[in-house]
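Asker: Could you have a look at this structure, given as structure tokens, before my questions?
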Amino acid sequence: MSARESSWWRSAVVYQVYPRSFADADGDGVGDLAGVTSRLGHIASLGADAVWLTPFQRSPQADHGYDVSDYLDVDPLFGTLGDFDTLVERAHDLGMRVIVDLVPNHCSSAHPLFQAALEAGPGSPERARFHFSPGRGDGGELPPNNWPSVFGGPAWSRVPETDGRPGEWYLHLYAPEQPDLNWRHPATHELLDGALRFWLDRGADGVRIDVAHGLFKAEGLPDLADPDIEPMRLRGNVMACDQEEVHEVYRRWRAIADGYVPERVLVGEVNLLPHRAARYVRPDELHQAFAFAFLAAPWDAEAWQVAATGLLDGAARTGSPVTWVVENHDVVRAPTRYGGGEHGLARARAALLTVLALPGSAYVYQGQELGLPEVDVPVEARQDPAWLRSGVTRDGARVPIPWRSDPAGSYGFSDGAPGATPWLPVPPPPEGTGRSGPHWGALSVAAQEDDPSSTLELARAAVQLRRRLHADGVLHPDDSATVRTTAAGLLEVERAGTLLAVNLGGAPSGLPEGELMLSSGPLARDGDLVLLPPDTAAWLRR
Ligand code: NOJ
């Protein structure tokens, strides 16, 4: 087996932890690193190979950690550097790697560098670390260009100068509290190279790179011909992302990562169309880039076939395995996206089994293994900075995880602090409230454990089956796979000695030939014929 084939990340199942909402050890209503450590056993019980932690570095939390004010420290809200070390040690003891989030496109407006830039005024070397510019119009009252912020409104905010008068504007592709760093300034490279090394030195097994296609902007920051970009997607702003210079950074970071033993991995959030994203995973750049096609694909066999085939073809060309994603902290949870209720849940279960059967690595977002639906967070409780600017809220996928059936301590989220108020409200118990909504207690880890029909047990069985098939040499990380649609709505993935069939149509289908290993829901019978009901996936050995 070549070194390349043996690389753990090529077929890893990575569990994504959103620390604010995973487990709250200190009882302040916000999850923390000690909480994550206390619940690592749950992640290990799924058979995950690694844990990715979204940002826990020092931050005023304007975008819940994606606004970093010190790249080299843990925010007190989440604990200390010592807590991080303990987490890594415990994860390693359990045989799991740890991936840390790095946010290079922007920092926090509270970062000392931005504060110094405000202080130093126009034309200063401090301002050159960001994108400051005079406004347009007679009094400079208009933003320097027509770029929209991904979170809505203009991508520019104006600052008062030290004399109190309105002054220059600065660029923020996201919230005003997230000023974009100037990547044409050499010191920016030093700052982020240093942060990368810091976490890798500290024992992280890799980094996930936020807005990895961002960083560089077209020289002169020209206007967009069409500033009406898809909401919440940077990729429409062709002047502010996917610039050629960014690849130099990833070549350098790959060389840095390659200097470590054991192997460290770089995974990029490259939210571009697959043919452009493929350029970020050339052999001397990032190891992986998230494959987001399944986030946008509707419940439709053709759409899945096109998405999966395109991604697998790309992987065959680049040599970087597909990094499948069905859920993350930025999108509506799958059971809700797929129509909600029983159908939505059945489809989300089938989607989970499908991505686990495909070649490549799979990222599972906390709560996906419980089949959690999106929560309709009451308007007054919403926290997402995008909500106020654009009316889009990602809060519904970020509600604290239910660990126990009993509602005390937000269903065990604030373990040991029954009265703690969670940072986002958890759905109240349905009894007697007159409210309809998901029953958080019934969806909890405790309620699902040992119930063979639960989503949790399905997720465990699927990950463990996948592990066994790899260990037995049936599956290999670099397998190719053929994805086809057969009868109305049936999708088949043929890979090595296995076949995954998923019924995305409206009527039961005959189960293809083979020995059934696992199905995402009950199968049906018609006399001797075994049927695959709609919204169900089955994994067969051939
Ligand atoms: C992508 C992250 O996943 C998202 O949560 C964040 O708001 C933006 N990048 C900006 O950092």
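Asker: Expected output is a single nm value to one decimal: the length gained when fully extending between GLU119 and HIS343, i.e. 0.36 nm times separation in residues minus the C-alpha distance. What is it? It would help to have the intermediate numbers written out before the result.
Answerer: Details: separation 224, 0.36 × 224 = 80.64 nm, distance 5.60 nm.
Going from the current span to full extension adds 75.0 nm.
Asker: Could I ask something else about it? From the convex hull of the Cα coordinates of the range 443-490, what is the mean projected area in square nanometres? Intermediate values should be presented prior to the final figure.
Answerer: Working: hull surface 22.0 nm².
With every direction weighted equally, the projected area is 5.5 nm².
Asker: Mind giving me the nanometre distance, one decimal, between the label points for LEU531 and HIS92, set 7 Å out from Cα along Cα→Cβ?
Answerer: 5.4
Asker: Dividing the convex hull volume of the Cα atoms of the range 140-200 by its residue count, what figure in Å³ per residue is obtained? Write down the numbers at each step before the final one.
Answerer: Details: hull volume 7.7 nm³, N = 61.
Roughly 125 Å³ of hull volume per residue.
Asker: Within the chain, what whole-number % of the accessible surface is contributed by carbon and sulfur, with the 1.4 Å probe and all protein chains included in the calculation?
Answerer: Values: 10760 of 20230 Å².
Of all accessible area on the chain, carbon and sulfur atoms account for 53 percent.
Asker: Would you kindly state how much longer the chain becomes between GLU161 and ARG542 on full extension, computed as 0.36 nm times their sequence separation minus their alpha carbon distance, in nm to one decimal?
Answerer: On the way: separation 381, 0.36 × 381 = 137.16 nm, distance 7.08 nm.
Here the answer is 130.1 nm.
Asker: OK, next. Could you give me D for the range 1-131, from Stokes-Einstein at 20 °C and 1.002 mPa s, where the hydrodynamic radius is the Kirkwood radius over C-alpha pairs? Units µm² s⁻¹, please. Present the calculation step by step, with values, prior to reporting the outcome.
Answerer: Numbers: Rh = 16.3 Å.
Calculated translational D: 131 µm²/s.
Asker: Regarding the chain, what is the average projected area of its C-alpha convex hull, in nm²? Each step should come with its number before you reach the end.
Answerer: Working: hull surface 103.7 nm².
Result: a mean projected hull area of 25.9 nm².
Asker: Positive end of the dipole of the chain, charges at C-beta (+1 Lys, Arg; -1 Asp, Glu), about the Cα centre: which of ALA293, LEU40, LEU388 has its Cα farthest in that direction?
Answerer: So the residue furthest toward the plus end is ALA293.
Asker: Which value in nm describes the separation of the simple spin-label points at ALA187 and ARG276, placed 7 Å from the Cα toward the beta carbon?
Answerer: Distance between the two pseudo-spin positions: 3.1 nm.
Asker: Using only Cα positions of the range 228-316, each an equal point scatterer, no hydration layer, compute I(q)/I(0) via Debye at q = 0.22, 0.25 Å⁻¹ and quote the log10 values to two decimals.
Answerer: For the requested q values the scattering log ratios are -1.12, -1.26.
Asker: Treat each spin label as a single point 7 Å out from the Cα along the C-beta direction, and report the VAL379 to ALA487 distance in nm.
Answerer: 4.8
Asker: Express in nm, to one decimal, how much length is gained between LEU388 and ALA446 on full extension, taking 0.36 nm for each residue of separation and deducting their alpha carbon distance. Could the numbers behind the result be given before it?
Answerer: Values: separation 58, 0.36 × 58 = 20.88 nm, distance 3.57 nm.
Roughly 17.3 nm would be gained on extension.
Asker: Order of 517-526, 176-185 by packing, highest average Cβ count within 10 Å first?
Answerer: Numbers: 517-526: 16.2, 176-185: 21.1.
By packing density, highest mean first, the sequence is 176-185, 517-526.
Asker: Over the range 161-263, how many percent of alpha carbon pairs lie in each 10 Å bin up to the one with the longest distance?
Answerer: All Cα pairs considered, the percentages come to 12, 38, 29, 16, 4, 0.
Asker: Using mean Cβ contacts within 10 Å as the protection proxy, how do 157-165, 532-540 order, highest first? It would help to have the intermediate numbers written out before the result.
Answerer: On the way: 157-165: 12.2, 532-540: 23.7.
In decreasing order of mean packing, 157-165, 532-540 become 532-540, 157-165.
Asker: Ignoring ligands, DNA and RNA, what accessible area per residue does the chain give at 1.4 Å, in Å²? Working shown, then result.
Answerer: Details: 20230 Å² over 542 residues.
With the other protein chains kept in place, the chain gives 37 Å² per residue.
The values are calculated or read from the model by the stated rules, or taken from the named source; none is laboratory data. Since the model is a prediction, treat every value here as computed from it, not as a measurement. No Cβ is skipped: glycine too gets one built from the backbone with ideal geometry, and neighbour counts run over all protein chains shown. We work out accessible area using only protein heavy atoms, side chains counted, and drop any ligands, DNA or RNA first. Shrake-Rupley method; radii C 1.70, N 1.55, O 1.52, S 1.80 Å.
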